[in-house]
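Notes follow the structure.
The values are calculated or read from the model by the stated rules, or taken from the named source; none is laboratory data. A quick note: this is a predicted structure, and the numbers were derived from the prediction, not measured. When we count neighbours, we look across all protein chains shown, and the Cβ atoms used for this are built from the backbone with ideal geometry, even at glycine.
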There are 2 protein chains.
Amino acid sequence: MDKRTKLILTAKRLFSEHGFYGTATARIAREAGVSNGILFHYFPTKDLLIKAMFFDVKDRLFDYSVGQVYKGATLKESIYTLWLAAVEFNLENANDFEFIRQFETSPFYRTETELEHRYVQLCLELIDKGIEEGQFKQIPSMLIFKSMSAQVETTVRFLKMNNMVLDDVEFTHRLFEMAWDSLAK
Amino acid sequence: MDKRTKLILTAKRLFSEHGFYGTATARIAREAGVSNGILFHYFPTKDLLIKAMFFDVKDRLFDYSVGQVYKGATLKESIYTLWLAAVEFNLENANDFEFIRQFETSPFYRTETELEHRYVQLCLELIDKGIEEGQFKQIPSMLIFKSMSAQVETTVRFLKMNNMVLDDVEFTHRLFEMAWDSLAK
DNA sequence: AAAGGAACTGACTAATCAGTCAATCGTATA
DNA sequence: TATACGATTGACTGATTAGTCAGTTCCTTT
């Protein structure tokens, strides 16, 4: 594994445990098994390291989930697929999940940052379609997207806190219905 | 205004703008117009200052919202009152809102911290009642509470980002229905 | 093999910060 | 008036940190 990747993985683990400011750059380098200097070779400042990590996570979430949505699916099926993929991804990648959570409430985060990403674009298109077709409530699509994201986050936090996994299909559906009902007409 | 209160108000403003670690204790004292030492007289460590502020906000939210729920109200009316009070409180107290948001995603936050508070207790009782009576979905009450809290947060963020206020009753109801539908059977 | 540049090292620094402390002030009580 | 004690000050310190830099290693190209 190259040192840049090692740094990102180590940083993600330490950030999710101790927060951005609770983690010294020197510690990231040490625990990644590389020199202090090389961190600043790849990421000129700590801020740029953090921002690079944000896009790294969003890219991987996109790759993980979008492939699963197939063309012929109904709107509800598509939303369900995206919802389930997001929940699974966050459950399986605990450090990514904690990292994003902290990033989005930090002063680093600006909405423009997120808007740029194709994952968000895709979701918004789907939601707009649902509103036009009259399947969704007459509410701004951005609010619906944010609401769904918040539901995913809440669900993941709950499952983790109670050491649960999504093995019960019936329960999984009940969780999804909670999110779905909030946007369906 | 006594110096302890001045410190809390100034800290809240600075924390909400620059985060916990982005705000030096010396700066809090300076902008509050008091000496550096007095901060540590009232709050022996920075962590204790932050925790004291958390309970300060929750207390005020409790006082603000609970008085508005009247005895004879239906379950939906009570939930609506609490939802609206929370949204209004967070809109009117921007610094409190940002502070709590950061606190809850920081390493300071432990779930036990919140459970102790009577505001949470009250909400959980109401939700349990709704589940027993069959009005709410068969989902753990803690998850429903967290989901509602997340919806309030999302709504407030959306309104603030678009410089909106809750002056349109019809739109307000549509926002509430979003949250309500996610928990109602 | 020579050259050149990217990857890499780790000791170093300038700045910042949480928390301390010795001294002073204000005021209430005896 | 004397005593006592909490409130208050602000200069100070020891520890920590992001970022630098001069020099070394490694690899590719000619």
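A few notes on this one:
- The residues on offer are B:ALA32, B:ALA73, B:ALA52, and the sole one that is within 16 Å of DNA strand D (Cβ to nearest atom), small (Gly, Ala, Ser) and either in contact with a strand residue (DSSP E or B) (Cβ under 8 Å, 6 or more places away or on another chain) or farther than 26 Å from A:ARG157 by Cβ (or both) is B:ALA32.
- Single residue of A:GLU92, A:GLU116 found to be more than 12 Å from every other protein chain (Cβ to nearest Cβ) and modelled with pLDDT under 90: A:GLU116
- Residue match in segment A:70-89 (condition: away from chain B (no Cβ under 14 Å), within 16 Å of DNA strand C (Cβ to nearest atom), in a helix (DSSP H, G or I) and not basic (Lys, Arg)): no
- Residues in segment B:113-142 that are over 15 Å from B:LYS185 (Cβ atoms) and among the aliphatic types (A, V, I, L, M): B:LEU115, B:VAL120, B:LEU122, B:LEU124, B:LEU126, B:MET142.
- Taken over segment B:26-37, the criterion of being in contact (Cβ under 8 Å) with a residue 24 or more places away in the chain and either near DNA strand C (Cβ under 8 Å from one of its atoms) or exposed (fewer than 14 other Cβ atoms within 10 Å of the Cβ) (or both) is satisfied by B:GLY33 alone.
- Boolean, B:ALA179 is of a type outside the set (Val, Ile, Thr), part of a helix (DSSP H, G or I), more than 12 Å from every other protein chain (Cβ to nearest Cβ) and surrounded by 13 or more Cβ atoms within 10 Å (Cβ to Cβ): no
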